[in-house]
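Take a look at the structure set out below.
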Amino acid sequence: MVTGKISEGAEAVIYETEVLDIPAVVKDRIKKEYRIAKLDDEIRRARTKKEARILALASSKGVNVPRVLLVEEHRLYLTKLDGGTLNVLKPSKKAFGDAGRMLAKLHNINVSHGDYTPANLLLDKSGRLWIIDFGLAEITNSVEEKALDILLMKRSVGKAEYRDFAEAYAKGSDRSEGILERLGEIERRGRYQTRTLLTG
Amino acid sequence: MVVLGIESSAHTFGVGVSENGKILSNEKVMYPIGAGGIIPAKAADFHAENANQIIKSALAKAGLTMGDITGVGYTRGPGLGPCLRIGQLTAKTIAAKYSIPIMPVNHALGHIEVARLAVGFKDPIVLYVSGGNSQILGFTEEKFKHYHIYGETFDIGIGNMLDSFAREAKLNPAWGSSVAKLAENGKYFDMPYTVKGMDFTFTGLLTNAVKCLADHDPKDVAFSLQETGFAMVCEAAERALLLTKKREILLSGGVAQSKRLSEMMNLIAKAHSFRMYNAPNEYNADNGAMIAVVAEKMLDAGMQKPIEKCDINQKYRVDSAEVRW
Ligand SMILES: Nc1ncnc2c1ncn2[C@@H]1O[C@H](COP(=O)(O)OP(=O)(O)O)[C@@H](O)[C@H]1O
Ligand SMILES: [Mg+2]
């Protein structure tokens, strides 16, 4: 039985439900009117499938993520977490240390997240932090992909939060040196391209 | 205050006049771009030849003379060195001759602020899409008030992608608009779609589209390229909106002239009940009025620069430009 909508992200709407008496949520990757139907369907299917697969992997390796209960074409049924995401809660600094430690753990099992921002970290009532939203995740040992996860967090939080995050990450990661070095390289790459035929 | 703004970062030489935030005139000429693209030194010569005339007509349209002008602004960057140089020298000459303050302006900030001030948005997420740049921006007060870059292209700008494709498809050098025309009635087929968080890349998409020209109907390729590229930047912008909880969207820059992109952003706004604004094309294309508007804000905020410090910077990033107002 699906009841009310409890939340909304950039891709999905989250409803409350139960699966075999377990409090659960449905993550419904809704149709986006701005994309043409074929592309939209492709993206929603592929990401739902990928998210289910990587959540199962992360779960099995002891990373704090919701468990997958059921998988449909555009929908996932996940165990329900009680709390709020870090972009809304404006939590204590400890949470960002946890975020760094948890990203290290995820990278250590060769998963990159692809959208590691405060919007995808959920702090529950007991103070435990959970990683959610694995639609852009990859199973990879690429240093670049891992460095990009850190870069994204860096651009999404303040200086103090980032410091705690990065410190904890460095401590927890098996390959933090190489990854942080790559982060520096990415940041130094001049991304501004000289405009040739410009349109504005 | 009456401020004259000069834009010359690429193929357009534009002059605008603004008085207390109101745009009185906006005149321009464009260096004609052939199939080979823009040759910076030639465009600069073209700007130098036209500078006087365009300034005169901007003043005439505004019903003013040079003596009425109380400040002058120019595009400091980003852009092509030789072209920027002409605007800079013109502005410096005016500032010295009439003893008026001079303000170096960031080009992207010009596009963004002329739109934001017109619609009265307080704290938008900006999708800035131009030739060389494609960025997701939003205000931050960290250190100084400026547009923070939440996400951006890791390789080429979306405008350059469309331009390059247009050249490969032997279209008229009218950039994005000729791709849009070709794409009419096209059918969609799969193309590489690359979004990472709020960042994206376009070279994979471009390479694929060019390759497909060999064995697909060009209009289907153009359509699929455009749909995919636009969907990518839209998704990144949507993520930034949900992350920051901001509720206003500003679409700005040369590629913002695309009707399809504007329609897509409008659909995102509608789905979340956000407000969305896209300025008239006149301000998304390169123009002098946007430089005048920002220069006037800078003057009002005490941000004029000593004339000997008025340089150009081809890589002047929008996140290092202070928005003190
Ligand atoms: N397992 C869960 N339990 C409780 N709330 C959740 C759960 N998963 C997601 N949410 C809520 O739904 C929101 C959107 O989910 P998310 O997976 O991030 O989707 P999106 O891809 O749309 O960002 C989250 O910000 C969070 O508030
Ligand atoms: Mg999310």
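Among the candidates B:Gly16, B:Gly5, B:Gly110, B:Gly87, the residue that is in a helix (DSSP H, G or I) and away from chain A (no Cβ under 14 Å) is uniquely B:Gly87.
Pairs meeting the criteria (first residue in the stretch A:14-27 and touching a residue at least 12 places away in the same chain (Cβ under 8 Å), second residue small (Gly, Ala, Ser) and within 16 Å of ligand 2 (Cβ to nearest atom), beta carbons under 6 Å, at least 6 apart or on different chains) are A:Ile14/A:Ser7; A:Lys27/A:Ala12.
Candidates are the residues of the stretch A:98-123 that are open to solvent by 10 Å² or more (accessible area, probe 1.4 Å) and more than 16 Å from ligand 2 (Cβ to nearest atom); the one that is nearest to the other protein chains (Cβ to nearest Cβ) is A:Asn110.
If you go through the stretch A:65-97 and pick out every residue that is away from ligand 1 (no atom under 13 Å from the Cβ) and open to solvent by less than 30 Å² (accessible area, probe 1.4 Å), you end up with 3.
Taking the listed residues B:Asn50, B:Asn26, the one that is part of a strand (DSSP E or B), among the polar types (S, T, N, Q) and at pLDDT 95 or above is B:Asn26, with no other qualifying.
Conditions (1) under 15 Å from B:Val318 (Cα atoms); (2) modelled with pLDDT of 95 or more; (3) buried (at least 24 other Cβ atoms within 10 Å of the Cβ), marked per residue:
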| position | (1), (2), (3) |
| --- | --- |
| B:Ser130 | yes, no, yes |
| B:Gln135 | yes, yes, yes |
| B:Thr140 | yes, no, no |
| B:Phe144 | yes, no, no |
| B:Ile149 | yes, no, no |
| B:Asp155 | no, no, no |
| B:Gly159 | no, no, yes |
| B:Ser164 | no, no, no |
| B:Lys170 | no, no, no |
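Residue check: is A:Ala24 open to solvent by less than 20 Å² (accessible area, probe 1.4 Å) and in a strand (DSSP E or B)? When the stated conditions are applied, A:Ala24 passes them.
For the stretch B:192-219, the candidate set comprises residues that are assigned to a loop (DSSP other than H, G, I, E, B) and of a type in the set (A, V, I, L, M, F, W, C); within that set, the residue that is surrounded by the most Cβ atoms within 10 Å (Cβ to Cβ) is B:Phe202. Of all residues in the stretch B:249-277, those satisfying the criterion of being within 13 Å of the chain's Cα centre (by Cα) and away from chain A (no Cβ under 11 Å) are B:Leu250, B:Leu251.
Does the stretch B:276-288 contain any residue that is touching a residue at least 24 places away in the same chain (Cβ under 8 Å), out of contact with any helix residue (DSSP H, G or I) (no Cβ under 9 Å at 6 or more places or on another chain), open to solvent by 40 Å² or more (accessible area, probe 1.4 Å) and of a type in the set (Ser, Thr, Tyr)? The answer is no; no qualifying residue exists. The single condition from (1) of a type in the set (A, V, I, L, M); (2) away from chain B (no Cβ under 14 Å); (3) within 14 Å of ligand 1 (Cβ to nearest atom) that A:Ile30 fails is (2). In the stretch A:2-13, the residues that are open to solvent by 70 Å² or more (accessible area, probe 1.4 Å) and in a loop (DSSP other than H, G, I, E, B) never reach a residue that is polar (S, T, N, Q) and more than 14 Å from ligand 2 (Cβ to nearest atom) with C-beta atoms less than 6 angstrom apart, at least six apart or across chains.
The values are calculated or read from the model by the stated rules, or taken from the named source; none is laboratory data. Bear in mind the structure is a predicted one, so any value in this text is a computation, not a measurement. As a convention, Cβ positions derive from the backbone with ideal geometry for all residues, glycine included, and neighbour counts pool all protein chains shown. With ligands, DNA and RNA removed, areas are computed over all heavy atoms of the protein, side chains included. Shrake-Rupley method; radii C 1.70, N 1.55, O 1.52, S 1.80 Å.
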